[in-house]
1. Would a scan of region A:191-206 turn up a residue that is touching a residue at least 40 places away in the same chain (Cβ under 8 Å), more than 16 Å from DNA strand C (Cβ to nearest atom), closer than 18 Å to residue A:19 by Cα and of a type outside the set (Phe, Trp, Tyr)?
2. Among the residues of region A:47-91, which ones are among the charged types (D, E, K, R) and either within 19 Å of residue A:6 (Cβ to Cβ) or more than 16 Å from DNA strand B (Cβ to nearest atom) (or both)?
3. What number of residues in region A:39-54 are open to solvent by 50 Å² or more (accessible area, probe 1.4 Å) and under 18 Å from residue A:211 (Cα atoms)?
4. Collect the residues in region A:118-135 that are in a helix (DSSP H, G or I), small (Gly, Ala, Ser) and within 16 Å of DNA strand C (Cβ to nearest atom), keeping them in residue-number order.
5. Give region A:63-117 a look and list any residue that's part of a loop (DSSP other than H, G, I, E, B) and among the acidic types (Asp, Glu), or say none.
6. Taking the conditions exactly as written (farther than 23 Å from residue A:185 by Cα, modelled with pLDDT of 95 or more and either open to solvent by less than 30 Å² (accessible area, probe 1.4 Å) or touching a helix residue (DSSP H, G or I) at 6+ places or on another chain (Cβ under 9 Å) (or both)), does residue A:88 satisfy them or not?
7. Would you confirm whether any residue within region A:127-139 is of a type outside the set (A, V, I, L, M, F, W, C), touching a Leu at 6+ places or on another chain (Cβ under 8 Å) and away from DNA strand B (no atom under 16 Å from the Cβ)?
8. When both residues are 6+ apart or on different chains and their Cβ atoms are under 6 Å apart, which pairs have a first residue that lies in region A:138-153 and is assigned to a loop (DSSP other than H, G, I, E, B), and a second that is within 16 Å of DNA strand C (Cβ to nearest atom) and open to solvent by less than 70 Å² (accessible area, probe 1.4 Å)?
Amino acid sequence: MDRGELYRIQREIASRTILEDWISLDQIELVAGVDQAFLRGGDDEGEMIISAVVVLEYPSMKPLDSSYAILSVDFPYIPGLLTFREAPSIIKAFSSLDRKPDVLFVDGCGINHPRFAGLATHVGVTLDIPTVGVAKNILCGEGDLPVKEGDASIITYRGREVGYYLKSKKGCKPIIVAPGHKISPESSLKLVKSCIRGYKLPEPTRIAHLLANKIKRDGGS
DNA sequence: GCGACAG
DNA sequence: ATCTTGTCGC
């Protein structure tokens, strides 16, 4: 598959994206987060990708379930094409969950993407579930940087409002929040803000990150 | 052409 | 993302 074919797939995903709330915030009971870690490949084996998913009770943020998947990496990291590298393991890990969440937080872009189809959007459309993208760095788009903790500012790209910068914690660089699928930009921001518990990253993402690294330390298993 | 560039 | 100890700042 050449670059053009992959772009075509992303535009197809973007055309199927729904930016409306599939569930009102006050009806949410379970939220989940997924994050990746990598295992260095041996001399003859390629690297492996670990996707760890954690389901939390909302809004208590109490962990209720988790799962993970490990696959061999078959695609390089290319800005804008991250989905072809990480989506497979995320989908596999999510599918093996016992309890399905109302919304899934994915590390990376949502519609704040060159072709409006970041990892969170791609995963959301593929699994047909609400997703939110939470990134630590911006890929594209522009917006003012919020200065006060709790403040957020809109990020625009090609004339469209694609997400927000959120000053989630004082002393920390703002994180980027964007809708992935089946959720509005406003609700994405409100939901992420309501999942912050004293750290830079919202609990679903933070806990998933910890789990992914734990699995990695234990050599994957 | 040059620089930027999720994880 | 990953390789890595100490260290500066709130």
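The values are calculated or read from the model by the stated rules, or taken from the named source; none is laboratory data. What you see is a predicted model, and the numbers here were worked out from it, not measured in a lab. Backbone-built Cβ (ideal geometry, glycine too); neighbour counts: all protein chains shown. These accessible areas exclude ligands, DNA and RNA; they are computed on the full protein's heavy atoms, side chains included. Shrake-Rupley method; radii C 1.70, N 1.55, O 1.52, S 1.80 Å.
1. Yes; the residues of region A:191-206 include at least one that is touching a residue at least 40 places away in the same chain (Cβ under 8 Å), more than 16 Å from DNA strand C (Cβ to nearest atom), closer than 18 Å to residue A:19 by Cα and of a type outside the set (Phe, Trp, Tyr).
2. We begin by selecting, within region A:47-91, every residue among the charged types (D, E, K, R); these are A:47, A:57, A:62, A:65, A:74, A:85-86.
Scanning region A:47-91 gives A:57, A:62, A:65, A:74, A:85, A:86.
3. Residues that pass the stated criteria total 2.
4. Here is the first cut: in region A:118-135, the residues in a helix (DSSP H, G or I) are A:119-127.
Add one more test, that the residue is small (Gly, Ala, Ser), and what stays is A:120, A:124.
Once the filter is applied, which keeps residues that are in a helix (DSSP H, G or I), small (Gly, Ala, Ser) and within 16 Å of DNA strand C (Cβ to nearest atom), region A:118-135 yields only A:120.
5. Applying the first criterion (part of a loop (DSSP other than H, G, I, E, B)) to region A:63-117 yields A:73-82, A:96-102, A:108-117.
Within region A:63-117, A:74, A:98, A:102 qualify.
6. Working: farther than 23 Å from residue A:185 by Cα: yes; modelled with pLDDT of 95 or more: yes; either open to solvent by less than 30 Å² (accessible area, probe 1.4 Å) or touching a helix residue (DSSP H, G or I) at 6+ places or on another chain (Cβ under 9 Å) (or both): no.
So residue A:88 fails the test.
7. Yes - at least one qualifying residue is present in region A:127-139.
8. Partner pairs satisfying both residue conditions: A:138/A:176; A:139/A:109; A:145/A:174; A:146/A:167; A:146/A:174; A:149/A:167; A:151/A:167.
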